[in-house]
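Since the structure comes first, as structure tokens, the remarks are kept for the end.
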Amino acid sequence: GLDQSQNGCPIANQCPINVAVAPNPVNAVVGSQAGATITASDPDGGGPLQYFLVSGPGSVNISSGALTYAPTCADVPGFTVTVEASDRGAGGCPQSQASFQVNVAPPVLSIVNCTSVNVHWGNAASQQFNSAGGCPPVTFTKLSGPGSVTSGGYWSYQTDCGDIGDDSVEIRATD
């Protein structure tokens with residue numbers, strides 16, 4: 001649109017310049033709110049700028065440029081977001097866009113319900129391991145020690161007469 005004049009002649013309104021996003025990249029964790037702020041300059045010094053989400057998940061506050069999103073496990077390892085600054089409404093200034101990366105990490109994965117198991121030789125020992133955090137599917141593997149573990153975390157062991165004393169089992173959970 002035409003919104004200014006120079007020497008009595010109307011001049012074209014220019015789109016915003018220096019569109020930027022901070023922080024860039026955005027580092028986020030599944031289940032936590034992630035955010036960034038879009039900024040731009042209006043070379044005409046005209047009216048207020050508006051900010052829009054062009055592509056990617058999340059929402060943008062049209063007047064402040066604040067972008068927010070709560071990533072899920074489906075977002076790991078990350079995605080690209082494109083935003084636009086405009087003084088002409090959504091899509092009015094496609095040359096005033098900026099893209100940035102959102103890196104998404106899964107929540108910390110840990111094994112829960114790890115307890116000592118006392119068993120007499122000749123008997124079976126077992127324990128179901130579970131996980132907290134991480135992103136499904138979580139699989140379990142035995143790194144060292146007696147017995148075997150299923151990918152679902154069920155550890156079992158049949159003792160024999162040579163199994164006197166303490167043993168340790170190391171289990172890993174991966175997502």
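Working only within the stretch 51-66, note down all residues that are touching a residue at least 24 places away in the same chain (Cβ under 8 Å) and hydrophobic (A, V, I, L, M, F, W, C).
52, 53, 54, 66
Within the stretch 13-20, can one find any residue that is open to solvent by less than 60 Å² (accessible area, probe 1.4 Å) and touching a Lys or Arg at 6+ places or on another chain (Cβ under 9 Å)?
yes
Please work out which residue is farthest from residue 105 (Cα to Cα), limiting yourself to the stretch 30-69 and to residues that are of a type in the set (A, V, I, L, M) and open to solvent by 60 Å² or more (accessible area, probe 1.4 Å). Let's see the steps before the verdict.
Narrowing the stretch 30-69 to residues of a type in the set (A, V, I, L, M): 30, 34, 36, 38, 40, 49, 53-54, 60, 62, 66-67.
Then keep just the ones that are open to solvent by 60 Å² or more (accessible area, probe 1.4 Å); that gives 54, 62.
Details: 54: 23, 62: 28 Å.
Here the residue is 62.
Within the stretch 81-112, how many residues turn out to be in contact with a strand residue (DSSP E or B) (Cβ under 6 Å, 6 or more places away or on another chain) and among the charged types (D, E, K, R)?
Qualifying residue count, the stretch 81-112: 1.
Show the residue pairs that are 6+ apart or on different chains and have beta-carbon atoms under 6 Å apart, the first residue being within the stretch 114-140 and free of Cβ contacts under 8 Å to residues at least 40 places away in the same chain, the second being open to solvent by less than 40 Å² (accessible area, probe 1.4 Å) and aliphatic (A, V, I, L, M).
117/125; 138/173; 140/149; 140/171; 140/173
Being under 26 Å from the mean Cα position of the chain (by Cα) and either surrounded by fewer than 16 Cβ atoms within 10 Å (Cβ to Cβ) or acidic (Asp, Glu) (or both) is the filter; apply it to the stretch 112-132 and report the residue that is farthest from residue 174 (Cα to Cα).
Per the criteria, the residue is 112.
Looking only at the stretch 70-109, which residues are hydroxyl-bearing (Ser, Thr, Tyr), assigned to a strand (DSSP E or B) and open to solvent by less than 50 Å² (accessible area, probe 1.4 Å)?
Selection gives 82, 86.
Taking the stated definitions as given, is residue 151 touching a strand residue (DSSP E or B) at 6+ places or on another chain (Cβ under 8 Å) and exposed (fewer than 13 other Cβ atoms within 10 Å of the Cβ)?
Judged against the criteria, residue 151 is a match.
The values are calculated or read from the model by the stated rules, or taken from the named source; none is laboratory data. Please read these numbers as outputs of a predicted model, since none were measured by experiment. Virtual Cβ from ideal backbone geometry, glycine too; neighbours counted across all protein chains shown. These area figures cover heavy atoms from the full protein model, side chains too; ligands, DNA and RNA do not enter into them. Shrake-Rupley method; radii C 1.70, N 1.55, O 1.52, S 1.80 Å.
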